[in-house]
2 protein chains.
Amino acid sequence: MNAGSDTAKPARQEKVLPISGFPEYLPAERIVEQRFLDVIRDTFELHGFSSIETRSIEPIDRLSAQGEDADKEIYAVSRLAAGDSGDNDTRWGLHFDMTVPFARYVLENAGKLDFPFRRYQIQKAWRGERPQEGRYREFTQADIDVVDVGELSAHFEAEMPLVVADVFSRFPVGDFVIQVNNRKIPDGVYRAIGLDVSVGVIETLRIVDKLDKIGPDKVRVMLLEAGATGAQASTALSLAEIRTTDLSFVEQVRALGVSHPVLDEGLDSLADVIRAGMEHAPGRIVADLRIARGLDYYTGTVYETQLLGHESWGSFCSGGRYDALASDGRTTYPGVGISIGVSRILGLLIGKGLVTASRSTPAAVLIALNADEDRPRSTTVAATLRRRGIPCEIAPTAAKFGKQIRYAARRGIPYVWFPGGDHETGGDAVKDIRSGDQTAAEAMTWTCPADDLRPAVTRAP
Amino acid sequence: MNAGSDTAKPARQEKVLPISGFPEYLPAERIVEQRFLDVIRDTFELHGFSSIETRSIEPIDRLSAQGEDADKEIYAVSRLAAGDSGDNDTRWGLHFDMTVPFARYVLENAGKLDFPFRRYQIQKAWRGERPQEGRYREFTQADIDVVDVGELSAHFEAEMPLVVADVFSRFPVGDFVIQVNNRKIPDGVYRAIGLDVSVGVIETLRIVDKLDKIGPDKVRVMLLEAGATGAQASTALSLAEIRTTDLSFVEQVRALGVSHPVLDEGLDSLADVIRAGMEHAPGRIVADLRIARGLDYYTGTVYETQLLGHESWGSFCSGGRYDALASDGRTTYPGVGISIGVSRILGLLIGKGLVTASRSTPAAVLIALNADEDRPRSTTVAATLRRRGIPCEIAPTAAKFGKQIRYAARRGIPYVWFPGGDHETGGDAVKDIRSGDQTAAEAMTWTCPADDLRPAVTRAP
């Protein structure tokens, strides 16, 4: 992969240089990416999510309204030859996530959609932030959301991480864990002990969210400086350190000795998520009460995901519930969703060579060419194999067979087909160039193992 | 589909409006688009083309260097908060096709690619031109190209239209015809009769290219005004009117009574293309000697494609051979390629309701819910079906069964699954809600016809 360097200079007409933060893959790497995207799509569809794609641009005022530092990250788009069509008074920007466009799509098409609306969206997005390892300016995200009108049932919050666990169990990402919290738990606890008055709920969350970065001692100091008592700070810190793979987090929270109706709601809801996880994705979904995420808009369950052994890369897949994903002033659309950072994961897996493809082309077979005037014969073999779903290509020239075999080997194509190559029968022959085994074959009936039909995408040992 | 209107005004925070030329699909329409893209990708891969994706932006000076009016069509991209990372002295634009980025990709990665390099690329592109029926500002193209180092064998020119014919025979686009010419044929004829001196080859091509728009009489007048003799104009017009589905175009050209070595080359090459078409895509590939296309860069075979009955929409799929797809000054990379205008075709097929999907969701089965506390049971059924590749979703609420069935019907989901719904055995039951037939079923073994597993995408009668 070429993710560009930070010092890339503008390319001139003759020069070609990568652009920092705009990665591109070589063909074999792209096969890894395609396989991952295929698994994601197939899993989303098995779970009954409908695909949509939204346009790449949104009005800048709509983009800017989301998130604190949105402006800094937006790429503005304008016609180079402005002024001749009257539409340059509008300012457009490239979307920086799927959520803003999806919310707009829901409002725009509300009358034509069936609610609850389960949609997935796999698209590129753009952010003008400084590129760094695993963070790109152009990147692909794969989102699922369920959105409803007015009210959204809580059970959808338990469903999201199961879909993600299904995706990651079908692609060789290695060990992963989906961390789940419910914002009502810290909210209820903070209210029960008066932190909502002394520091404020959002401010407390903001400080506790620094736990991984600065450690508990500095968090305690910050909480005290913000107005918390020592007891309040201790309870907030104890809460944040609870992490269980089963329902025992409920007891541990109860052991803090506080109670509040909002806390009860949060515990019930998180217990439902963890219970579903224990049943359908054992070991993959944990209650982790320090997860906060998107302080401004999430109101219930929140999700993060870590690849074990690569925790420093941060969360690869995050999301949560919003009480107002979209609103047109009259109707409110609550939603819950989760987003897989496809480019972020692949930047790690491909960039570090952890996952590789067995070849650089979809072709499973190279049809050899006996002589240039024999091309129609090879083309007929190829057409027959293709009709039977076997990807193949024909040798570009009637070079010596050794050279044709090397052509296949260089690309990782496992089989070479020789029209008329079986000397006993005069029929065709096919050679597995990995083993050297050659057998008689007919294009109408020959099959190869399913594992050879598509490139193998595997985790490096 | 909502392709926007020409009078769309900027959306404010509360308002949501389409943007002219940036179409978006509803879920059932998107299923049609996905199916078409799946057929394209699968066919390209069966023919052994490797996928690549390039970044969405290129330096504007690279984009501007291509084509006459390129500048007018380019969308410039810049960071909204400029100046803080030092990269805003570079001017980027969104790519307007796949050819410019592919040429740059080849130069950038030449040392890591195997030549001849067969690649496909299915991506969005952007052009700031005035939107009109079938022409969008954001659109998807699906390209194949073969590029080689120094020399490119002619047989690849015969291969391109066969791939396209395979695509279009697998998707219900209706009747189509791929029109092929070879630029060496008019080139040779014009030279043989002196039009290269009196008018010039490119200028003659430019005038003859107007034949469909202004008719032969006006073309004749223009040729005479440009300096042609009456005999020269007659020959050029006669040549342009030759169109055959077999090899008889060769005789018809010979009957013009002219000869030139370049003409011979062109006739041989076009004969190879048509011969391959007669063999592998009978009736789909015609020799049409008025096709010119991309006067500046194509040097051999050129392609256009028409949907019969929709000729006024123009070519949906075009391309040709370039002697210099890319060059770094030392090495030249000749190529041949063809590009399917995915958005253009779908704008017609979906926009006019010619092709539709049988449902708006991938789910083939809705798992009914007996009671809210019974959700885990329904979730287990769903997980079992999904492991077996059957897309499904669970009813959102334990409403009356009639309402749950209507939920499925509204989305076109053909089956509703009732856990414990078989009254004789106490086991599960499944109802085909189109016929009303209900039978006992087990999630571990039940199957539905393959046609129901995925949404049907069919041509409207």
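Here is how the numbers come out for the structure above:
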{"quantity": "Selection count, the stretch B:410-446, where residues are surrounded by fewer than 20 Cβ atoms within 10 Å (Cβ to Cβ), in contact (Cβ under 8 Å) with a residue 24 or more places away in the chain and among the β-branched types (Val, Ile, Thr)", "calculated": "1"}
{"quantity": "Residue match in the stretch B:242-262 (condition: in contact with a Cys (Cβ under 8 Å, 6 or more places away or on another chain) and crowded, with 18+ Cβ neighbours inside 10 Å)", "calculated": "no"}
{"quantity": "Residues that are closer than 25 Å to residue A:312 by Cα and free of Cβ contacts under 8 Å to residues at least 12 places away in the same chain, drawn from the stretch A:188-234", "calculated": "A:213, A:214, A:215, A:217, A:218, A:221"}
{"quantity": "Counted residues, the stretch A:277-309 - those being more than 18 Å from residue A:162 (Cα to Cα), in contact with a Leu (Cβ under 6 Å, 6 or more places away or on another chain) and not hydrophobic (A, V, I, L, M, F, W, C)", "calculated": "1"}
{"quantity": "Residue in the stretch A:383-406 that is surrounded by the most Cβ atoms within 10 Å (Cβ to Cβ), counting only those that are under 12 Å from residue A:363 (Cα atoms) and under 37 Å from the mean Cα position of the chain (by Cα)", "calculated": "A:393"}
{"quantity": "So residue B:104, is it closer than 30 Å to residue A:128 by Cα, touching a helix residue (DSSP H, G or I) at 6+ places or on another chain (Cβ under 8 Å), within 13 Å of another protein chain (Cβ to nearest Cβ) and of a type in the set (D, E, K, R)", "calculated": "yes"}
{"quantity": "Tally, over the stretch A:107-126, of residues that are more than 10 Å from every other protein chain (Cβ to nearest Cβ) and out of contact with any strand residue (DSSP E or B) (no Cβ under 6 Å at 6 or more places or on another chain)", "calculated": "1"}
{"quantity": "Selection count where residues are touching a helix residue (DSSP H, G or I) at 6+ places or on another chain (Cβ under 8 Å) and either not aliphatic (A, V, I, L, M) or not assigned by TED's automatic domain parsing to the domain that holds residue B:194 (or both), scope the stretch B:255-274", "calculated": "8"}
{"quantity": "Selected residue (criterion: modelled with the highest pLDDT) from residues of the stretch B:69-90 that are more than 22 Å from residue B:137 (Cβ to Cβ) and either surrounded by 19 or more Cβ atoms within 10 Å (Cβ to Cβ) or not small (Gly, Ala, Ser) (or both)", "calculated": "B:90"}
{"quantity": "Residues located in the stretch A:197-209, provided they are exposed (fewer than 15 other Cβ atoms within 10 Å of the Cβ) and closer than 17 Å to residue A:289 by Cβ", "calculated": "A:202"}
{"quantity": "Criterion violated by residue A:292 - all others in (1) loosely packed, with under 15 Cβ neighbours inside 10 Å; (2) assigned to a loop (DSSP other than H, G, I, E, B); (3) modelled with pLDDT under 95 satisfied", "calculated": "(1)"}
{"quantity": "Subset of the stretch A:119-163 [modelled with pLDDT of 95 or more, under 14 Å from the mean Cα position of the chain (by Cα) and either charged (D, E, K, R) or within 23 Å of residue A:287 (Cα to Cα) (or both)]", "calculated": "A:124, A:138, A:143, A:144, A:145, A:160, A:161, A:163"}
{"quantity": "Members of the stretch B:90-101 found to be part of a loop (DSSP other than H, G, I, E, B) and either more than 7 Å from chain A (Cβ to nearest Cβ) or farther than 25 Å from residue B:77 by Cα (or both), listed by number", "calculated": "B:91, B:95, B:96, B:97, B:98"}
{"quantity": "Test: residue A:350 is in the same structural domain as residue A:117 (by TED's automatic domain parsing) and either surrounded by fewer than 18 Cβ atoms within 10 Å (Cβ to Cβ) or out of contact with any Leu (no Cβ under 9 Å at 6 or more places or on another chain) (or both)", "calculated": "yes"}
{"quantity": "Per-region count, the stretch B:121-158, residues among the basic types (Lys, Arg) and part of a strand (DSSP E or B)", "calculated": "2"}
{"quantity": "Residue B:393 being touching a His at 6+ places or on another chain (Cβ under 8 Å) and of a type in the set (D, E, K, R)", "calculated": "yes"}
{"quantity": "Which numbered condition residue A:177 fails, given (1) in a helix (DSSP H, G or I); (2) at pLDDT 95 or above", "calculated": "(1)"}
{"quantity": "Selection status of residue B:277, within 13 Å of chain A (Cβ to nearest Cβ) and either farther than 15 Å from residue B:99 by Cβ or at pLDDT 95 or above (or both)", "calculated": "yes"}
{"quantity": "Subset of the stretch B:203-247 [in a helix (DSSP H, G or I), at pLDDT 95 or above and of a type in the set (Asp, Glu)]", "calculated": "B:217, B:225"}
{"quantity": "All positions within the stretch A:355-378 that are surrounded by 20 or more Cβ atoms within 10 Å (Cβ to Cβ) and either at pLDDT below 95 or within 7 Å of chain B (Cβ to nearest Cβ) (or both)", "calculated": "A:360, A:361, A:362, A:363, A:375"}
{"quantity": "Neighbours by Cβ (under 7 Å, 6+ apart or cross-chain): first from the stretch B:123-139, closer than 19 Å to residue A:54 by Cβ and free of Cβ contacts under 8 Å to residues at least 40 places away in the same chain; second outside any strand (DSSP E or B) and charged (D, E, K, R)", "calculated": "B:125/B:97"}
{"quantity": "Which numbered condition residue A:447 misses (of (1) assigned to a helix (DSSP H, G or I); (2) hydroxyl-bearing (Ser, Thr, Tyr); (3) within 37 Å of the chain's Cα centre (by Cα))", "calculated": "(1)"}
{"quantity": "Single unsatisfied condition, residue B:66 versus (1) within 8 Å of chain A (Cβ to nearest Cβ); (2) closer than 24 Å to residue A:15 by Cα; (3) at pLDDT below 90; (4) in contact with a helix residue (DSSP H, G or I) (Cβ under 8 Å, 6 or more places away or on another chain)", "calculated": "(1)"}
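Conditions tested, residue by residue: (1) under 30 Å from residue B:379 (Cβ atoms); (2) assigned to a loop (DSSP other than H, G, I, E, B); (3) at pLDDT 95 or above; (4) facing chain B (nearest Cβ under 7 Å).
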site: A:4; (1), (2), (3), (4): no, yes, no, no
site: A:8; (1), (2), (3), (4): no, yes, no, no
site: A:14; (1), (2), (3), (4): no, yes, no, yes
site: A:29; (1), (2), (3), (4): no, no, yes, no
site: A:40; (1), (2), (3), (4): yes, no, yes, no
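The values are calculated or read from the model by the stated rules, or taken from the named source; none is laboratory data. Being a predicted model, the structure only gives us computed values, none of them experimental. Heads up, the Cβs are rebuilt from the backbone with ideal geometry, glycines too, and the neighbour counts pull from every protein chain shown.
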